[in-house]
Amino acid sequence: MGVTYVKEVMSPEELLEAYPLPAEHKKLKEARDAEIKKVFTGESDKFLVIIGPCSADNEDSVCDYINRLAKVQDKVSDKILIIPRIYTNKPRTTGQGYKGIVHQPDPEKEPDLHDGLIAMRKMHLRAIAETHLFAADEMLYPENWPYISDILSYVAVGARSVEDQQHRLTVSGFDIPCGMKNPTSGTLSIMLNSCIAAQSSHTFMYRQWEVKTDGNPLAHTILRGAVNKHDQSMPNYHYEDLVLLNEMYQELNLKNPACIVDANHANSNKQYYEQPRIVSEVLHSRNVSDDIKKLVKGVMIESYIEPGNQKISEHIYGKSITDACLGWDESERLIYDIAEKL
């Protein structure tokens, strides 16, 4: 086989023992998770803003960014719950390029998964200690989940992973909300089938164990736009798209029907500066339809300190080295604008 076993990485138990979540932060997380859960069950009418860098590439700049978010959260806490994005694994369309801090704790050096796991956990723990906010991450590799299961408050399954059986079954064992994105084709039924699977109980093999899950009633949909056969972006955040998704939900026996709208990716045609306009339209749709207001629980926004993106070699502080992001000034205004329009 063309596989070289490089070195054995530490187990989740070893990582959590070396870098534990302090008891006082566990209590804070329980309280925060309960708040977020109430949004999905309909017990709370607060709006979720899942916002942050495309990839969490640098501990200092990521924590700087989240500290800024925490100050804004204090000002909008009556209407909005902010969940910072700390995305530590990045899917690459061609498999080439920077795959996230877990792979490369230093983007300019060779992959080192052992040090990457430590870097990931330390960054999360620092962000929690400094801000008392608990983050979202994308589950690119289901077997990574035990390394961060105690520190995340939200998980997303990406457009290229949402049809994968192992992702769906692993989500069924979560006790936090997990958003299932529509696939790149845009087929809504595939996204909803993923929710059915994630909300169901399963028995399967996971990390050398036969496991049984209870099902995750907080599994829900994320609309991120689609790409057609001509490689053209097809947005799916418009009023008619939300009405259609709501109608499809009504035909299924899913718990806690909910949708998050991703304002970037194919919805913006990767034009990051369009995100405020897209969010504004989604909020307008919520305000003219009670059904859409009940369905759309929040938005997802790619944002960092500096707008746009850069090459890894440029070393601009707080600027994305993967997809282009909204800058901090525009992001702060957007959050306040969301609060005003709710």
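The values are calculated or read from the model by the stated rules, or taken from the named source; none is laboratory data. Please read all numbers here as calculations on a predicted model, not as lab measurements. Here the Cβ positions follow ideal geometry from the backbone for every residue, glycine too, while neighbour counts run over all protein chains shown.
Numerical summary
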{"item": "In segment 102-143, the residues that are among the hydroxyl-bearing types (Ser, Thr, Tyr) and in a helix (DSSP H, G or I)", "result": "THR131"}
{"item": "Filter result for the condition that a residue is without any contact (Cβ under 8 Å) to a residue 60 or more places away in the chain, farther than 20 Å from GLY308 by Cα and in contact with a helix residue (DSSP H, G or I) (Cβ under 9 Å, 6 or more places away or on another chain), over LYS75, LYS46, LYS38", "result": "LYS46"}
{"item": "Test: residue in segment 298-317 that is surrounded by fewer than 14 Cβ atoms within 10 Å (Cβ to Cβ), out of contact with any Pro (no Cβ under 7 Å at 6 or more places or on another chain) and in contact (Cβ under 8 Å) with a residue 40 or more places away in the chain", "result": "yes"}
{"item": "Hey, HIS284 touching a residue at least 60 places away in the same chain (Cβ under 8 Å) and either of a type in the set (Gly, Ala, Ser) or closer than 24 Å to LEU244 by Cβ (or both) or not", "result": "no"}
{"item": "Any hit, segment 2-24, residues being at pLDDT below 95, among the hydroxyl-bearing types (Ser, Thr, Tyr), part of a loop (DSSP other than H, G, I, E, B) and within 20 Å of TYR317 (Cα to Cα)", "result": "no"}
{"item": "Residue within segment 205-221 that is within 25 Å of ALA34 (Cβ to Cβ), β-branched (Val, Ile, Thr) and touching an Asp or Glu at 6+ places or on another chain (Cβ under 9 Å) present", "result": "no"}
{"item": "Given (1) within 21 Å of CYS54 (Cα to Cα); (2) surrounded by 21 or more Cβ atoms within 10 Å (Cβ to Cβ); (3) touching a residue at least 60 places away in the same chain (Cβ under 8 Å), number of the condition ALA258 does not satisfy", "result": "(1)"}
{"item": "Any chance ASP241 is under 18 Å from MET139 (Cα atoms), at pLDDT 95 or above and charged (D, E, K, R)", "result": "no"}
{"item": "Residue tally, condition more than 17 Å from GLY225 (Cα to Cα) and in a loop (DSSP other than H, G, I, E, B), over segment 256-310", "result": "8"}
{"item": "Close pairs from segment 88-100: first more than 15 Å from SER161 (Cβ to Cβ), partner at pLDDT 80 or above and surrounded by fewer than 20 Cβ atoms within 10 Å (Cβ to Cβ), Cβ under 7 Å, at least 6 apart", "result": "TYR98/PRO107; TYR98/ILE312"}
{"item": "Residue match in segment 63-71 (condition: touching a residue at least 40 places away in the same chain (Cβ under 8 Å), of a type in the set (S, T, N, Q) and within 24 Å of ALA198 (Cα to Cα))", "result": "no"}
{"item": "Among the candidates SER172, SER161, residue that is under 20 Å from HIS202 (Cα atoms), touching a Gly at 6+ places or on another chain (Cβ under 6 Å), modelled with pLDDT of 95 or more and among the polar types (S, T, N, Q)", "result": "SER172"}
{"item": "In segment 10-46, the residues that are surrounded by 17 or more Cβ atoms within 10 Å (Cβ to Cβ), of a type in the set (A, V, I, L, M, F, W, C) and within 15 Å of ALA129 (Cα to Cα)", "result": "LEU21"}
{"item": "Output for segment 146-176, where each listed residue is crowded, with 20+ Cβ neighbours inside 10 Å and within 16 Å of HIS265 (Cα to Cα)", "result": "ALA156, VAL157, GLY158, ALA159, SER161, VAL162"}
{"item": "Residues that are surrounded by fewer than 20 Cβ atoms within 10 Å (Cβ to Cβ), part of a loop (DSSP other than H, G, I, E, B) and touching a Pro at 6+ places or on another chain (Cβ under 8 Å), drawn from segment 177-219", "result": "ARG207"}
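Table: residues versus (1) closer than 19 Å to VAL288 by Cα; (2) modelled with pLDDT under 95; (3) in contact with an Asp or Glu (Cβ under 9 Å, 6 or more places away or on another chain).
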{"position": "LEU223", "(1), (2), (3)": "no, no, yes"}
{"position": "ASP231", "(1), (2), (3)": "no, yes, no"}
{"position": "TYR237", "(1), (2), (3)": "yes, no, yes"}
{"position": "LEU252", "(1), (2), (3)": "no, no, no"}
{"position": "ASP262", "(1), (2), (3)": "no, no, yes"}
